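S.K.: Before I ask anything, let me first share the structure, which is written out below as structure tokens.
The values are calculated or read from the model by the stated rules, or taken from the named source; none is laboratory data. Given the structure is predicted, the values throughout are model-derived calculations rather than measurements. All Cβ positions, even for glycine, are placed from backbone atoms using ideal geometry, and neighbour counts span all protein chains on display. Only protein heavy atoms, including side chains, enter the accessible area calculation; ligands, DNA and RNA are left aside. Shrake-Rupley method; radii C 1.70, N 1.55, O 1.52, S 1.80 Å.
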Amino acid sequence: MEVIPAIDLRRGRCVRLYQGDYSQETVFSGEPVEVARHWQSLGAERLHIVDLDGAAKGELCHGALVEEIVHAIDIPVQLGGGLRSMELVEQVLACGVGRAILGTAALRDTALIEEACRRFGERIIVSVDARGGFVATHGWLERSAVTTLELADRMAGLGVQRFIYTDIARDGTLTGPGFAAISELVEKTAVPVIVAGGISSVEHIRRLSEMGVEGAIVGRALYTGDIDLVAALDCTRPG
């Protein structure tokens, strides 16, 4: 299983939100490029970047900064936040991003999801962001009437080959993942699942690995020191 450090960008800085609330922001660094280099130096094999301003506005707001990060490191990057058109998907993949993450677009524009998957295959990820069991959209600011399992089923039918599941109520809280919901999604979904939200210990990572989760995105716990990245990576390696 991969352990994937998260870099959330807002106003050019590396931040973390509490439960997706833009008014509850903690700034961890004003130098996101250096943060990316740091996680790579500790052994990270992939980075997860979210353009928080883009997620709220429905457009890419940190394109130049993301490109700078991509060119500063040697490991692949997956990017989400505001990618709601084919033009933006093409743009970020062309600049060196390895995987484009689509969230709101999964509900608004299924034709986009289908075309993106047809053209780019596993380079497209759909983010299943849950609040109370229902999918949240538009930077987590709006809750839909679609359940997480319904969305996953629809997206798999369109050719989506990978999901990121986030329990918004646990994101940035260090309270632990929602293991029951994750287990149900993994069992009922035929494609790999990456998990984010609430992961705050190496034991959480070990348990997710045992459940068959493909990857664990870790944010606040790395920045606060609750999780040591080297130890987390070690616990997922065979033997």
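S.K.: Note down all Cβ pairs under 7 Å where the first residue falls in the range 31-59 and is touching a residue at least 60 places away in the same chain (Cβ under 8 Å), the second is surrounded by fewer than 14 Cβ atoms within 10 Å (Cβ to Cβ) and β-branched (Val, Ile, Thr), and they're at least six residues apart or on different chains.
M.R.: From the range 31-59, the pairs are LEU42/VAL230; GLY43/VAL230.
S.K.: Then there's this: Find the residue count for the range 82-108, including only residues that are more than 16 Å from the chain's Cα centre (by Cα), at pLDDT below 90 and part of a loop (DSSP other than H, G, I, E, B).
M.R.: 0
S.K.: For residues that are charged (D, E, K, R) and in contact (Cβ under 8 Å) with a residue 24 or more places away in the chain, scanning just the range 8-30, find the one that is most open to solvent (accessible area, probe 1.4 Å).
M.R.: ARG11
Table: residues versus (1) within 16 Å of ALA55 (Cβ to Cβ); (2) modelled with pLDDT of 85 or more; (3) not β-branched (Val, Ile, Thr).
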| residue | (1), (2), (3) |
| --- | --- |
| ARG119 | no, yes, yes |
| GLY132 | no, no, yes |
| THR137 | yes, no, no |
| GLU150 | no, yes, yes |
| GLN161 | no, yes, yes |
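S.K.: Does at least one position in the range 184-195 carry a residue that is more than 23 Å from PRO238 (Cβ to Cβ) and among the hydroxyl-bearing types (Ser, Thr, Tyr)?
M.R.: yes
S.K.: Looking at the range 5-60, which of its residues are of a type in the set (A, V, I, L, M, F, W, C) and assigned to a strand (DSSP E or B)?
M.R.: So the first thing to find is which residues in the range 5-60 are of a type in the set (A, V, I, L, M, F, W, C), and the list is 6-7, 9, 14-15, 17, 27-28, 33, 35-36, 39, 42, 44, 47, 49-50, 52, 55-56, 60.
The answer is ALA6, ILE7, LEU9, CYS14, VAL15, LEU17, VAL27, PHE28, LEU47, ILE49, VAL50.
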